[in-house]
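Below is one structure; the comments refer to it alone.
The values are calculated or read from the model by the stated rules, or taken from the named source; none is laboratory data. What you see is a predicted model, and the numbers here were worked out from it, not measured in a lab. Here the Cβ is made from the backbone with ideal geometry for all residues, glycine too, and neighbour counts use every protein chain on show. To get the accessible areas, we keep the full protein, side chains included, count just its heavy atoms, and leave off ligands, DNA and RNA. Shrake-Rupley method; radii C 1.70, N 1.55, O 1.52, S 1.80 Å.
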Amino acid sequence: MTGGNGPRSGRTPARRPGGRAAIIAALLFIGGGTAVAAGALGQQPGAALPAASVSAPPSVAAPLLIDLPTAAPVELPVSVEIPAIDVESEVFPLGAGDSATTGTGPCPEHEDAAWASGSPRPGERGPAVLEGHVDTAAGPSAFHDLGELEVGDRVEVTRADGTMADFAVYETQLVLGDAFPTSAVYGDTAGPELRLITCGSSDGEAHRPIEVVVFAR
């Protein structure tokens, strides 16, 4: 019998349980989960391991660019018809220097209607403004009977390309020159609208104290 500190003859040191599994797990970890230990596959020691399978990262699609069609510009107004009061008038542009932009400026002495060129074109979003005299030295002018328009009456504006902007009256106001509703007439709107404004008399006498403003959309 040997001493308590002597070697144990004839016995092989016991292996730590799970040692082989731990080695294989380590190999799997090192290989990124793609290489497998040769022993685990039954290959002979020293044999080449299978090539690692590497997946390419998914490609990112380039953003799709779409060219949206651009809305065609609205042409200039050339004439206006108001069937309810038998108006058929040409329309000519009224420059900023002539436009009654606040309801108090001068209007050109003309029998026909005029479009205030500082306002949107009829059919564009916002209030397009047409102005016209009540009468001239030659007699009644384009907007002589404007105050007779009622809700629902139609106003048809023809443009240079032959297209038509069709409006329906929704309000008519009689206003004093010093109480002109500037914000209501020229303020922005959600869609295309139309304003018809009388410029009073152009027969050489004082302008009429009451003007007519028609609102249409």
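Could you count how many residues in the stretch 147-172 are touching a residue at least 40 places away in the same chain (Cβ under 8 Å) and either touching a helix residue (DSSP H, G or I) at 6+ places or on another chain (Cβ under 7 Å) or open to solvent by 50 Å² or more (accessible area, probe 1.4 Å) (or both)?
So the answer is 11.
Yes or no: Leu146 under 18 Å from Glu211 (Cβ atoms) and in contact with a strand residue (DSSP E or B) (Cβ under 6 Å, 6 or more places away or on another chain)? Break it down into steps so the answer makes sense when it comes.
On the way: under 18 Å from Glu211 (Cβ atoms): yes; in contact with a strand residue (DSSP E or B) (Cβ under 6 Å, 6 or more places away or on another chain): yes.
Here the answer is yes, as Leu146 does meet what is asked.
If only one of Ala114, Ala138 is at pLDDT below 95 and in contact with an Asp or Glu (Cβ under 6 Å, 6 or more places away or on another chain), which one is it? Before you say what the answer is, go through the steps one by one.
On the way: Ala138 fails: in contact with an Asp or Glu (Cβ under 6 Å, 6 or more places away or on another chain).
Just one listed residue meets the conditions, Ala114.
Taking the residues in the stretch 197-212 that are farther than 14 Å from Asp178 by Cβ and modelled with pLDDT of 60 or more as candidates, determine which candidate is surrounded by the most Cβ atoms within 10 Å (Cβ to Cβ).
Only one residue fits best here, namely Thr198.
Condition first: open to solvent by 10 Å² or more (accessible area, probe 1.4 Å), within 19 Å of Val212 (Cα to Cα) and over 34 Å from the mean Cα position of the chain (by Cα). Can you find one or more residues in the stretch 119-128 that meet it?
Among the residues of the stretch 119-128, not one is open to solvent by 10 Å² or more (accessible area, probe 1.4 Å), within 19 Å of Val212 (Cα to Cα) and over 34 Å from the mean Cα position of the chain (by Cα), which makes the answer no.
In the stretch 183-196, how many are touching a residue at least 40 places away in the same chain (Cβ under 8 Å), surrounded by 12 or more Cβ atoms within 10 Å (Cβ to Cβ), outside any strand (DSSP E or B) and not aromatic (Phe, Trp, Tyr)? Give the steps one after another, and end with the answer.
First pass over the stretch 183-196, keeping only residues touching a residue at least 40 places away in the same chain (Cβ under 8 Å): 185-196.
Next, from what is left, pick out any that are surrounded by 12 or more Cβ atoms within 10 Å (Cβ to Cβ): 185-186, 189, 192-196.
Right, trim to outside any strand (DSSP E or B) and you get 185-186, 189.
Restricting the remaining residues to those that are not aromatic (Phe, Trp, Tyr) gives 185, 189.
Residues meeting the conditions: 2.
Condition first: part of a loop (DSSP other than H, G, I, E, B) and either among the β-branched types (Val, Ile, Thr) or touching a Leu at 6+ places or on another chain (Cβ under 7 Å) (or both). Now tell me which residues in the stretch 148-178 satisfy that. Break it down stepwise before answering.
Residues of the stretch 148-178 part of a loop (DSSP other than H, G, I, E, B): 149-153, 160-163.
Those that are part of a loop (DSSP other than H, G, I, E, B) and either among the β-branched types (Val, Ile, Thr) or touching a Leu at 6+ places or on another chain (Cβ under 7 Å) (or both): Val151, Ala160, Thr163.
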